[in-house]
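> I'd like to ask you about the structure that follows.
The values are calculated or read from the model by the stated rules, or taken from the named source; none is laboratory data. Fair warning: this is a prediction, and the values are worked out from it, not measured in the lab. Cβ placement follows ideal geometry from the backbone for every residue including glycine, while neighbour counts extend to all protein chains displayed. For the accessible areas, the whole protein counts, side chains as well, though only heavy atoms, and no ligand, DNA or RNA atoms are used. Shrake-Rupley method; radii C 1.70, N 1.55, O 1.52, S 1.80 Å.
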Amino acid sequence: MASFQHFLFVLSLFLSTSIACDRCVHQSKAAYFSSPASLLGGSCGYGSMALSFNGGYVAAASPDLYRDGMGCGACFQIRCKNPSLCSSGGVKVIVTDINKSTQTDFVLSTSAFTAMAKAGMTQDIKRLGIVDIEYKRIPCEYKNHNLSVRIEEISQKPNYLAIKVLYQGGQTDIHSIDVAEAGGWNWRFMTRNYGAVWNTSHAPAGPLQFRMVVTGGYDGMTVWPKKAIPGLEGRGGLRFGVAGHGDGTGGMFSL
């Protein structure tokens, strides 16, 4: 019994250390995409929207950071370690894709990569192609957006629902999403299909409400959006979030 309790203590300590390291500074390397078109097919499923995130400062992250899609939308501060070429401030990027290269932890958009350079050193840093970096995860901030969902066009009546999670603020991870008819308690779990896209083949009828299990650092909690959104009777391809950012037909989905 004592050995089992010791095992649980060690496991708990290991998990706490792993979570804490989410806020640590890490050493690695970064490269850049030579074409913006490379960002359009990102594994997170953001498509062309990725180019509008964070002024286009986005990145593909290693599998350890991508975490089977849980890392989609995470924000990182990345600083180039070459003092002759790079500024000390670095650049903030948002993860929109997976980087399967074993040479670097990040592949940045060209604009994000060159933003690390000192004035007049843009072409010099591009010629290097790969630079040594240090990075850490930081909270995401979206001044003009609340957490939103977009009903994907692949959703089909009567029961197949696919949503994309957008503008996930803070330094948080979404571990699960459930959906129910607005005002009801018959919750049905959704599955992460890929990246930031979640789906279910058992969507309820009528307006929808969601609940999510969200973690940040050591803490986790279940959160409920304030308002419901139209269900599958509405047309797909709508983003429901802050007033003025949808098409006026959807309810607000803000935390």
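> Provide the per-residue ³J(HN,Hα) series for segment 86-95, in order, calculated from phi with Karplus coefficients 6.51, -1.76, 1.60 and θ = phi - 60°, each as a whole number of Hz, with x at glycine and proline positions.
10, 6, 7, x, x, 8, 9, 10, 10, 6
> Would you please state which residues of segment 95-121 a label at Ser38 would reach in this model, taking the label point 7 Å out along Cα→Cβ and a backbone N cut-off of under 15 Å?
96-115
> On to the next question. What are the radius of gyration and Dmax of segment 54-204, computed over its Cα atoms and given in Å?
For segment 54-204, the Cα-based Rg and Dmax read 18.6, 60 Å.
> Still on this model: Please sort 51-60, 201-210 by packing, taking for each peptide the average over its residues of neighbouring beta carbons within 10 angstrom, highest first. Mind showing how you got there, number by number?
Details: 51-60: 20.2, 201-210: 18.5.
The packing order, highest mean first, is 51-60, 201-210.
> Tell me the carbon and sulfur percent of the accessible area for segment 49-138, rounded to whole percent, probe radius 1.4 Å.
On the way: 1850 of 3740 Å².
Here carbon and sulfur together make up 49 percent of the probe-accessible area.
> Using θ = phi - 60° and the Karplus relation 6.51 cos²θ - 1.76 cosθ + 1.60, list the HN-Hα couplings for segment 22-33 in order, rounded to whole Hz, with x at every Gly or Pro.
Karplus-based 3J(HN,Hα) across segment 22-33 equals 4, 9, 7, 8, 10, 9, 6, 9, 9, 10, 9, 6 Hz.
> Then there is this: So what is the accessible area of segment 135-206 per residue, in Å², with the probe set to 1.4 Å? Can you show the working numbers first?
On the way: 3410 Å² over 72 residues.
Accessible area per residue, segment 135-206: 47 Å².
> Further question: From the square roots a ≥ b ≥ c of the eigenvalues of the alpha-carbon gyration tensor of segment 48-118, which class results: rounded (a/c under 1.5), prolate (a/b over b/c), or oblate? Before the final figure, lay out the partial values.
Working: a/c = 2.21, a/b = 1.43, b/c = 1.55.
Verdict is oblate for segment 48-118.
> Here's a follow-up. Tell me, what HN-Hα J-couplings in whole Hz come from the Karplus equation 6.51 cos²θ - 1.76 cosθ + 1.60 at θ = phi - 60° for each residue of segment 207-214, using x for Gly and Pro?
Here the 3J(HN,Hα) series is x, 10, 10, 10, 9, 9, 9, 10 Hz.
> When ranked by the protection proxy of mean other Cβ atoms within 10 Å per residue, highest first, what sequence do the peptides 73-83, 23-33 form? List each step's numbers first, then the result.
On the way: 73-83: 19.9, 23-33: 16.0.
The packing order, highest mean first, is 73-83, 23-33.
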